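Asks: Okay, handing you the structure first.
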Amino acid sequence: MPAPRGGAAPLRRAGARRRWPRPLPLLPPAPDHLSPASPRPLREGRGKKGGEGRPRIYLAGRARDACARPDRSAAPSLPGIPPSPSSPLPCTSGSLALPARSRRRCCCRRLARRGSATGAGAEGLPVRPPPLPRSGPGAPSSAAEEPPPRLEEGGGVGLREPGGSSGGYLNMGNLLKVLTCTDLEQGPNFFLDFENAQPTESEKEIYNQVNVVLKDAEGILEDLQSYRGAGHEIREAIQHPADEKLQEKAWGAVVPLVGKLKTFYEFSQRLEAALRGLLGALTSTPYSPTQHLEREQALAKQFAEILHFTLRFDELKMTNPAIQNDFSYYRRTLSRMRINNVPAEGENEVNNELANRMSLFYAEATPMLKTLSDATTKFVSENKNLPIENTTDCLSTMASVCRVMLETPEYRSRFTNEETVSFCLRVMVGVIILYDHVHPVGAFAKTSKIDMKGCIKVLKDQPPNSVEGLLNALRYTTKHLNDETTSKQIKSMLQ
């Protein structure tokens, strides 16, 4: 039915099927020599009906016989890049040729309404402004007057700079890296004096409390290193269960060793309390973790000494299976004595409740590290007014400080003792392991604030014999190394 005059909608018979317009095709991009101000027909030929020429004019809209062009007025505003004009250039009188068919008129009306709703030009179709010439009349007189390149939308890939490198696309992540500070990637730029740091007046209270605990740390390590166990006596007693003399000999050898194991366990409880005191001082407001470590270097040194002790203790424990064998024999024999109503000599020293807690402690592959990670988690849960990032940032900052001091010759030359290098390496690995146990996604994820590749490279630059144990600690005592979020490059570096 023909459409009535006056623009009224045509009447449709009841039950008649509605005829939808055909999909609009996209044409290839316009050649560079064409501009909207002086359009040229690219092809003349016969249409479906009649022999009149049908020019194709390239506009910035999506209509029949017109190609799709991005709306440059929608370019985002970025730091350092001037915003685009508020409205594009209006359509000129000769830049738009509407076909004669009513179906095409309907399509163009729809596009015009859509364009006018978004604030486009006079006809609703934004037109690409002609590019400025690089030379000749109309060109900028100097580089300062030349307008900056416009960033366009690049089809979902990113922002595109016309004529730029890498295919012309500017990745938003790379842009933000340029616009933001790179201090986090390079690490904190200050020297942490592990050799001569002295407490200030504000640090002395916490420092003295922690120092009482750390004074016993070296003796604990010496006792653990000299721990030989009672393996021979236990084997003889098991092979000859009816020989009372061998049973008494084995029991007499195990009881003093269990007393040492009790001392180790009690020291872990004291160390846990000392660590929580240090965390409270190093993560308190209003200072950031980096400011705390730089201002309170004596407390940072004590924190490093706790981590150093933890790794050394766990290394010695893992290489000494006699610890668990002796304690298991002690518990079995003590249980048998209770059943037979035989008085036990060592029962007063380690009761059943304490024996259960000690059994859980020594069942861990790295018992001291497990104690510290539990203490850190408990500290975070008890201090809900303190952001969890303060604690994790304190650990990541400590790791970054150690890495920067080890890989910077200027800082490394300030060490007066050769043992300080191994101390820094051990502290760096200890902080990484503790961070990996405490942080929800661990130290190996891409979002981690620890430069794992840089830390592993620092370890591998050292003599192999001195760092093999630290590399094994990263391989076997971390929690998230084998997660899917860990990059293959990090996994291959630790193989």
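Asks: Given the residues D461, D483, which is the only one that is within 15 Å of the chain's Cα centre (by Cα) and more than 19 Å from T290 (Cα to Cα)? Talk me through it step by step, then tell me what you get.
Replies: On the way: D461 fails: within 15 Å of the chain's Cα centre (by Cα).
So the residue among D461, D483 that is within 15 Å of the chain's Cα centre (by Cα) and more than 19 Å from T290 (Cα to Cα) is D483.
Asks: Quick check on my filter: what residues within the range 482-495 are in contact (Cβ under 8 Å) with a residue 40 or more places away in the chain and either out of contact with any His (no Cβ under 7 Å at 6 or more places or on another chain) or outside any loop (DSSP other than H, G, I, E, B) (or both)? Break it down stepwise before answering.
Replies: Taking the range 482-495 first, the residues in contact (Cβ under 8 Å) with a residue 40 or more places away in the chain are 483, 485-487, 490, 493.
Within the range 482-495, D483, T485, S487, I490, M493 meet the criteria.
Asks: Could I ask something else about it? What's the total number of residues in the range 222-271 that are assigned to a helix (DSSP H, G or I) and either at positive phi or of a type in the set (S, T, Y) (or both)? Please lay out each step first, then the result.
Replies: Residues of the range 222-271 that are assigned to a helix (DSSP H, G or I), as a first pass: 222-225, 231-239, 244-271.
Still in the list and also either at positive phi or of a type in the set (S, T, Y) (or both): 263, 265, 268.
Residues flagged as assigned to a helix (DSSP H, G or I) and either at positive phi or of a type in the set (S, T, Y) (or both) within the range 222-271 amount to 3.
Asks: Now a separate question. Condition test on K449, is it open to solvent by 30 Å² or more (accessible area, probe 1.4 Å), without any contact (Cβ under 8 Å) to a residue 12 or more places away in the chain and assigned to a loop (DSSP other than H, G, I, E, B)?
Replies: On the way: open to solvent by 30 Å² or more (accessible area, probe 1.4 Å): yes; without any contact (Cβ under 8 Å) to a residue 12 or more places away in the chain: no; assigned to a loop (DSSP other than H, G, I, E, B): yes.
Answer is no for this residue.
Asks: Is it the case that some residue within the range 237-260 is buried (at least 20 other Cβ atoms within 10 Å of the Cβ), in contact (Cβ under 8 Å) with a residue 12 or more places away in the chain, within 30 Å of E296 (Cβ to Cβ) and not acidic (D, E)?
Replies: Looking through the range 237-260, none of the residues is buried (at least 20 other Cβ atoms within 10 Å of the Cβ), in contact (Cβ under 8 Å) with a residue 12 or more places away in the chain, within 30 Å of E296 (Cβ to Cβ) and not acidic (D, E).
Asks: It is to be established whether one or more residues within the range 452-465 are open to solvent by 10 Å² or more (accessible area, probe 1.4 Å), part of a helix (DSSP H, G or I), over 20 Å from A304 (Cα atoms) and at pLDDT below 90.
Replies: yes
Asks: Is there any pair linking a residue in the range 405-420 that is within 18 Å of L293 (Cα to Cα) to one that is open to solvent by 80 Å² or more (accessible area, probe 1.4 Å) and not in a helix (DSSP H, G or I), with Cβ under 9 Å and at least six apart or on different chains, and which?
Replies: Within 9 Å, the pairs are M405/R414; L406/D461.
Asks: Quick check on my filter: what residues within the range 298-341 are open to solvent by less than 50 Å² (accessible area, probe 1.4 Å) and either touching a Lys or Arg at 6+ places or on another chain (Cβ under 8 Å) or under 18 Å from T392 (Cα atoms) (or both)? Give the steps one after another, and end with the answer.
Replies: From the range 298-341, those open to solvent by less than 50 Å² (accessible area, probe 1.4 Å) are 298-304, 306-311, 313-314, 316-317, 320, 322-323, 326-327, 329-330, 333-334, 337; that's our starting set.
Within the range 298-341, L299, A300, K301, Q302, F303, A304, I306, L307, H308, L311, A322, I323 qualify.
Asks: Here is a list: K384, K378. Which entry is over 22 Å from K262 (Cα atoms), outside any helix (DSSP H, G or I) and among the charged types (D, E, K, R)?
Replies: Numbers: K378 fails: outside any helix (DSSP H, G or I).
Checking each option against the conditions leaves just K384.
Asks: While we're here: What number of residues in the range 373-421 are surrounded by 16 or more Cβ atoms within 10 Å (Cβ to Cβ) and either charged (D, E, K, R) or on the phi > 0 side of the Ramachandran plot (or both)?
Replies: Total satisfying the criteria: 2.
Asks: Right, another one. I need the helices (runs of 4 or more DSSP H) fully contained in the range 280-375, keeping only those with at least 2 residues that are over 26 Å from the mean Cα position of the chain (by Cα) and under 30 Å from P241 (Cβ atoms).
Replies: So the answer is 322-339, 352-363.
The values are calculated or read from the model by the stated rules, or taken from the named source; none is laboratory data. If you're wondering where the values come from, they're calculated on a predicted model, not measured in any experiment. Cβ atoms come from the backbone with ideal geometry, glycine included; neighbour counts cover every protein chain shown. Areas reflect the complete protein model, heavy atoms only, side chains present, ligands, DNA and RNA absent. Shrake-Rupley method; radii C 1.70, N 1.55, O 1.52, S 1.80 Å.
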